[in-house]
1. With respect to the numbered conditions (1) over 23 Å from ASN80 (Cα atoms); (2) in a helix (DSSP H, G or I); (3) in contact with a Phe, Trp or Tyr (Cβ under 7 Å, 6 or more places away or on another chain), which one is the sole condition not fulfilled by CYS202?
2. Could you go through region 142-152 and let me know if any residue there is at pLDDT below 85, over 14 Å from ASN102 (Cβ atoms), crowded, with 22+ Cβ neighbours inside 10 Å and not β-branched (Val, Ile, Thr).
3. Of everything in region 21-50, what is surrounded by 14 or more Cβ atoms within 10 Å (Cβ to Cβ), farther than 21 Å from GLY251 by Cβ and either of a type in the set (Ser, Thr, Tyr) or modelled with pLDDT of 80 or more (or both)? Give them in sequence order.
4. Out of everything in region 251-283 that is under 8 Å from the mean Cα position of the chain (by Cα) and not charged (D, E, K, R), what residue ends up being farthest from LYS219 (Cα to Cα)?
5. Kindly provide the set of residues from region 248-275 that are assigned to a helix (DSSP H, G or I) and within 20 Å of ARG85 (Cβ to Cβ), ordered by number.
6. Considering region 207-218 alone, what residues qualify as being surrounded by 10 or more Cβ atoms within 10 Å (Cβ to Cβ) and assigned to a helix (DSSP H, G or I)?
7. Only residues in region 24-43 that are more than 25 Å from GLU261 (Cβ to Cβ) count as the first member; pair them with residues that are among the β-branched types (Val, Ile, Thr) and part of a helix (DSSP H, G or I), Cβ under 6 angstrom, at least 6 apart or cross-chain, and list the lot.
Amino acid sequence: MILYDRNRWLDAVFSWRGTALRRAKWRVLAVTLYAAIVQFAYEAGATYVGMDFRKFFGLDPSQHAVLGSLLGFLIVFRMNASNNRFWEGRTAWGQIVNACRNLVRVAVVYTERGSELVDLVVGYAECLRHSLQGNDEMEDLELYLHKGLTHQVKRFGNPPTCVALAMSAWIEREYREGKLNPQLVRQLEDQMACLVNAQGACERILKTPLPFVYVVMIKQLILVYLLTLPFAVGNISHWWSPALITIVALGLFGMEEASVETEDPFGTDENCLDMETFTMRIARDSGQMAATKANIISAALSRE
């Protein structure tokens, strides 16, 4: 995810990194070349099978704008749907971060083996990140999970669920050995449920793309609109027509491509969520809570 200064307007305007133009540039160039060829044929008075090419021009721009209005409505729908998916994904990861902190906080303060749950929590976050990004190489999990559990995770149909099961098993063991009372067990399991629910929200976003019929219709209407636009403005704008169509094509292709990129917030593109930072934040906070437990308790007791 690209971080930027909202107040530096010119820097954003002339930015290349992270813009839709990188993906749409060849389509924009192709449409511009097409418009230039059409305009050249019009200015040269070309004929085809004895038919004057100029007769194809003269489409009423106001009637052609009706198609543009419909296309604009569909693109707005497409962008809103993609933005909703993006923010829902960010909200889900916010819940994951908070639930991980709560799990570690309670485990570290109330048990003597809280560091074990710390490793499981961080391993869960890393495993979920790999799963959402479709990355089967999970060698870095061995930094947090023991080899036996890592082997089971790799063979599990849903790897993060395997780690979640191990976390609940840790809670059950601490309760059975009398380290946790029923109230704390209920609180920890509530956080576990929040964690799994957020995971389910992420998986729903990932595995449920926008309906194909909407996506195809928008692409088809963009193509039809841009192919017919030179015949609506060519006899009015003349050699300004290719430049005008380039701007329109940049807007249409750019907005459509931006929607495609934000539709999957868990990808590896520059505008996707920076889940690696999220997992590093979970690892940092969890490790600090586990490492400073004794100092925090002594500081709290010294105030009494």
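1. Tallying (1) over 23 Å from ASN80 (Cα atoms); (2) in a helix (DSSP H, G or I); (3) in contact with a Phe, Trp or Tyr (Cβ under 7 Å, 6 or more places away or on another chain), CYS202 fails exactly one: (1).
2. yes
3. Result: TYR42, single match.
4. Top of the filtered list is LEU273.
5. Listed by number, the residues that qualify are GLY254, MET255, GLU256, GLU257, ALA258, SER259, VAL260, GLU261, THR262, GLU263, MET275.
6. Selection gives TYR214, VAL215, VAL216, MET217, ILE218.
7. ALA35/ILE245
Yes/no matrix, rows are residues, columns are (1) among the hydroxyl-bearing types (Ser, Thr, Tyr); (2) modelled with pLDDT of 90 or more; (3) closer than 30 Å to ALA164 by Cα:
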site	(1), (2), (3)
ASN197	no, yes, yes
GLU203	no, yes, yes
THR228	yes, no, no
ILE236	no, no, no
TRP240	no, no, no
LEU252	no, no, no
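The values are calculated or read from the model by the stated rules, or taken from the named source; none is laboratory data. None of these values were measured; they are calculated from a predicted model. We place every Cβ from the backbone using ideal geometry, glycine too, and count neighbours over all the protein chains shown.
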